[in-house]
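To start, the structure under review is shown below, and the notes come after it.
The numbers here are math on the coordinates, done by the rules we state, and not lab data. Since we're looking at a predicted model, the values are computed, not measured. Because the Cβ atoms are built from the backbone with ideal geometry, glycine has one as well, and the counts that use them run over all protein chains shown.
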Amino acid sequence: MSDKNNYIEENISISYIIDGIKDWFSFIFSKVRVVIVGTLIIMICIFSYNYIINPVYYARTTFVLDNDSSSGSMGDLSSLASLAGVNASSFIDASSLFQIDNIQELYRSSSMLKNTLISTTLINKREVLIIERLAEAEKLINKWEKLGIIFEDFKNKSLTRQQDSLIKKSIELIRKEYLFVHKPNRKTTILEIGFNHKDEILAKSFNENLVSIVNKFYYDTKTLKTSSNLEILKKQSDSVKNVLDESILALAKIDQNIPNLNNLDKVSMVPYQMAMIDVQSNSAVYGEIVKQLELAKVTHRNNMPLIQIIDKPILPLENSRWKFLKTFILSFTIGISSIVLGLSLKRIINSKQN
């Protein structure tokens with residue numbers, strides 16, 4: 001008897017749910033005009049917002065960083081590690097990661113951002129300071145001009161306290177709102193640098209200048225010691241070459257002044273022999289310096305970090321504005337869902353009040 005009662009209760013509950021769903025659909029269809037009008041209004045609002053509001057433009061540069069010197073310097077360690085049964089690739093990967101971390105911090109550093117702000121870019125065939133374009137985009141021109149700021153003065157090496165203060169505030173704004181430094185994959189040495197802004201030209205120019213300035217600084221720093229050694233060896237090589245040329249000329253003059261040299265006259269042969277020794281010793285020194293110079297060139301080349309640009313920002317930039325089809329689908333979905341949900345909630349509230 002209890003099984004029969006349970007069967008009846010289940011049938012009643014299922015039929016109750018089905019009747020409730022039918023009743024809800026009947027209610028929604030009775031409000032079809034409200035649903036259509038409400039959905040159209042919401043769609044118009046979303047379309048208007050999407051196409052009237054200025055979009056945010058995304059300037060992105062991706063590049064791969066590889067340093068041959070790191071793998072070269074790990075050569076001995078790799079051999080020893082292999083004998084000990086240790087995988088040396090882990091050490092090399094850690095070294096590469098450390099280099100990437102270094103350059104990531106460089107992109108966020110105040111000095112690099114400052115150098116970018118006071119650099120220039122070509123806009124409409126006119127050189128414009130990045131900080132001036134930023135002030136225009138942020139609508140700060142009038143405020144800064146009231147403070148007596150002249151943008152051409154930012155080109156001077158020595159900046160005033162007020163100029164440094166404005167640059168500092170600009171850097172804080174850039175770090176907080178616009179700068180994007182990202183390493184897509186921890187296992188690779190690919191780095192992505194971005195700048196997001198509603199001013200498309202500013203986004204592209206700032207991104208390009210920042211990448212150029214930081215990569216040049218990184219390159220110069222990594223090769224500073226080897227390039228210095230290379231310059232010293234070049235100067236030494238030129239100096240010894242001049243001395244060698246002079247000693248060869250002196251030997252030729254002595255040989256010319258004694259046309260019929262008597263081998264038995266030992267004293268008269270001394271100047272010639274001394275000049276010959278000078279030539280030989282200078283030749284040996286010059287040969288050794290040239291050898292060291294060639295080795296220094298190889299070391300310098302091996303120490304050069306490879307920074308290969310993969311992608312760079314190209315106009316028109318990608319932006320936050322939705323495409324027409326995406327806008328239509330999303331606005332329709334949001335519109336009809338919002339209206340149906342609103343009507344359903346209103347119906348529930350009215351039924352409980354009654």
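Pairs 183/225; 216/326; 114/139; 114/234; 125/157: which are spaced more than 30 Å apart, C-alpha to C-alpha?
Result: 216/326; 114/234 exceed 30 Å.
Explain nothing, just the number: dipole magnitude of segment 226-303 about its Cα centre with +1 on each Lys and Arg Cβ and -1 on each Asp and Glu Cβ, in debye rounded to the nearest 20.
With only Lys, Arg, Asp and Glu charged at Cβ, the dipole is about 280 debye.
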message = If packing is taken as the average number of other Cβ atoms within 10 Å across a peptide's residues, how do 322-331, 150-159, 165-174, 114-123 rank, most packed first?
response = 114-123, 165-174, 322-331, 150-159
note = Everything considered on the Cα gyration tensor (a ≥ b ≥ c; rounded for a/c under 1.5, else prolate if a/b is larger than b/c, else oblate), segment 226-303 must be described as prolate
key: Estimated inter-spin distance, residue 284 and residue 311, nm [label 7 Å along Cα→Cβ]   = 6.2
ask   = Taking the highest mean first, how do the peptides 103-111, 183-191 order by number of other beta carbon atoms within 10 angstrom per residue?
value = 103-111, 183-191
ask   = Label points 7 Å out from Cα along the Cβ direction at residue 224 and residue 152: separation in nm?
value = 3.4
message = Within 12 Å, Cβ to Cβ, of residue 230, how many net charges do the neighbouring residues add up to if Lys/Arg are +1 and Asp/Glu are -1?
response = +3
query = Where Rh denotes the Kirkwood radius from the mean inverse Cα pair distance, what is Rg over Rh for segment 182-259?
reply = 1.49
